[in-house]
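J.: Have a look at the structure that comes next, please.
Every number here is computed from the coordinates shown, using simple stated rules; none is lab data. Values in this document were obtained by computation on a predicted structure and should not be read as measured data. Here the Cβ is made from the backbone with ideal geometry for all residues, glycine too, and neighbour counts use every protein chain on show.
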Amino acid sequence: MSSDIVAIDGSKFKAVNSRDRNYTAGKIDKRRQQIEESIQRYLDAIETADRTNPTGSDVKAVRLYEKIARLRQEMRELARVRKQLQKQPEKQLSKTDSDARSIATSGRGSGIVGYNVQVAVDAKHHLIVEHEVTNVGNDHGQLSKMAASAKRAMAKPKLKVLADRGYFSGPEIRACELNNISAYVPKPLTSASRKKGLFTKADFVYVARDDVYRCPAGERAIHRFDTVENGMNLRVYWPSACPRCPMKKRCSPSDYRRIRRWEHEDILEAMQRRLDRKPDAMTIRRSTIEHVFGTLKHWMGPAHFLTRTLRRVSTEMSLQVLAYNIKRVINILGVLRAMKSMRLARS
Ligand code: SF4
């Protein structure tokens, strides 16, 4: 019997496409500039050589002319790629694996060209219950889809999902809630303001009965107007006392400190209360899921995927996941019981 908790996470896997064969407008501009600078440097060197040795045929100058020719050829190739790039919906072109994307990773300047593999792992047996390969660079919009697939795969009426801050998205958490899935996702850190000693939204307490916020100075921030941002309906509050507040320097450079509240903010507040009641949620998340990616990447070697295009890469990952789960079942049940269970499942 599986548990009713899954951890969801994503990891970037390299495609069969080097960084040099992935193009964006920014990369092309940078390369063109480098080439122009190099050509100018070579021309200057040729001119200097002409001045110092005006009669002799200079082998060095011939080599420089060859280099310039190669760079001009590269410029023409870049111009062709730029034209192709304009036709791409995501304004990105990968020449070896057309579906691979340049994806940022957590290390600075260490992006890869590859895929984002999402998995959901059962917290009791550490089996991969659902996975999906995407070429979307972040995890922000992946939670509800992965959680719903995991719930279906486990045939559970309810499910708890644990995920890291990268998955924090109000609409995604609400979509989970509407599908009987309780999400545990910590809010992204607002440490920059905190470090500067400034008040963050967490310092404002919502008083549901009166529909007001109590601010750090004890003032009532009342509802002023509604607005829509990024497709979310927001209510905006502020206190009348801001201009004469002694704590204003720590609060807002504007005349009034505005507090925005999403129309479904109560769902996020309920999730925060769940997280407060389960302080080990992120430890369970880490110990459930992070070693899974470590094992898969170890098996796949430094190059990760061997096939190209999203469809084939997805099949390749499915085979890896199947192998992972078979090994895991054998570890849990032993070889004989695992084989017997598989035979029973087949008949
Ligand atoms: S500036 Fe306004 S919101 Fe901030 S603490 Fe003072 S009264 Fe409260």
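J.: Assigning unit charges at the beta carbon (Lys, Arg +1; Asp, Glu -1) and nothing else, what dipole magnitude in debye, to the nearest 20, does region 279-347 show about its Cα centre?
T.: Computed charge dipole of region 279-347: roughly 320 debye.
J.: For Glu90 and Asp44, compute 0.36 nm times the residue count separating them, minus their Cα-Cα distance, and round to one decimal in nm.
T.: The span from Glu90 to Asp44 would gain 12.6 nm if fully extended.
J.: Can you work out the FRET efficiency for the pair Phe225 and Arg273, with r the C-beta to C-beta distance and R0 = 45 Å, to the nearest 0.05?
T.: Calculated value: 0.95.
J.: Taking springs between alpha-carbon atoms closer than 10 angstrom, which of Asp226, Asp255, Asp276 fluctuates most in the Gaussian network model of the chain?
T.: Judging by the Gaussian network model, the answer is Asp255.
J.: Could you tally the net charge around Thr295, taking each other residue with its Cβ under 15 Å from the Cβ of Thr295, Lys/Arg +1 and Asp/Glu -1?
T.: It works out to a net charge of +2.
J.: Further, regarding this structure: Report the FRET efficiency, 1/(1 + (r/R0)^6), for Glu36 and Lys83, where r is their Cβ-Cβ distance and R0 is 30 Å, rounded to 0.05.
T.: That gives a FRET efficiency of 0.95.
J.: Give me a comma-separated list of calculated 3J(HN,Hα) values for region 209-216, in order, Karplus coefficients 6.51, -1.76, 1.60 applied at θ = phi - 60°, integers in Hz, x for any Gly or Pro.
T.: Using θ = phi - 60°, the values come out as 4, 9, 6, 9, 9, 9, 8, x Hz.
J.: Would you be so kind as to identify which of Thr52, Ile5, Asn22 lies farthest towards the positive end of the dipole of region 3-129, taking Lys and Arg as +1 and Asp and Glu as -1 on Cβ and the Cα centre as origin?
T.: Going by the charge dipole, the pick is Thr52.
J.: Between the helical axis of 265-277 and the dominant principal axis of the chain, each derived from Cα atoms, what acute angle in degrees is found, rounded to the nearest 10?
T.: Taking Cα atoms only, the helix is inclined about 80 degrees.
J.: If you add up the charges near Met146, with Lys and Arg at +1 and Asp and Glu at -1, over every other residue whose beta carbon is less than 12 angstrom from its beta carbon, what do you get?
T.: That works out to -2.
J.: From the helices alone, meaning DSSP H stretches of at least four residues, give me the mean residue ellipticity at 222 nm for the chain, per-run term -39500 (n - 2.57), in deg cm²/dmol to the nearest 500.
T.: Computed ellipticity for the chain at 222 nm equals -14500 deg cm²/dmol.
J.: I want to make sure I understand the PRE zone here: with the label point 7 angstrom from the Cα of Arg235 toward its beta carbon, which residues in region 160-179 have backbone N atoms less than 19 Å away?
T.: It comes to 170-171, 174, nothing else.
J.: Let me ask something additional. From the phi of every residue in region 83-95, what ³J(HN,Hα) in whole Hz does the Karplus formula 6.51 cos²θ - 1.76 cosθ + 1.60 yield, where θ is phi - 60° and glycine or proline is x?
T.: Once rounded to whole Hz, the list reads 5, 4, 4, 5, 7, 7, x, 9, 6, 9, 10, 10, 7.
J.: Turning to a different aspect of this structure: Does anyone have the angle between helix 25-52 and the longest principal axis of the chain? Alpha-carbon axes, 0 to 90°, nearest 10?
T.: Helix 25-52 sits roughly 30 degrees off the main axis of the chain.
J.: State, to one decimal in nm, how far the label point of Asp266 lies from the label point of Ser98, with both points 7 Å from Cα in the Cβ direction.
T.: 5.0 nm
J.: Based on other C-beta atoms within 10 Å, arrange Arg277, Arg214 from fewest to most.
T.: In order of increasing Cβ crowding within 10 Å: Arg277, Arg214.
J.: May I ask for the net charge around Val133, where only other residues with Cβ less than 15 Å from the Cβ of Val133 are counted and Lys, Arg are +1 while Asp, Glu are -1?
T.: +1
J.: HN-Hα J couplings of region 316-331 from phi, Karplus 6.51/-1.76/1.60, θ = phi - 60°, integer Hz, Gly and Pro as x?
T.: Calculated HN-Hα couplings, in order: 4, 5, 4, 5, 4, 5, 4, 4, 4, 5, 4, 4, 5, 5, 5, 5 Hz.
J.: So, one more: Using Cα-Cα distances under 8 Å and only pairs 6 or more residues apart, what relative contact order does the chain have, in percent?
T.: So the answer I get is 20 percent.
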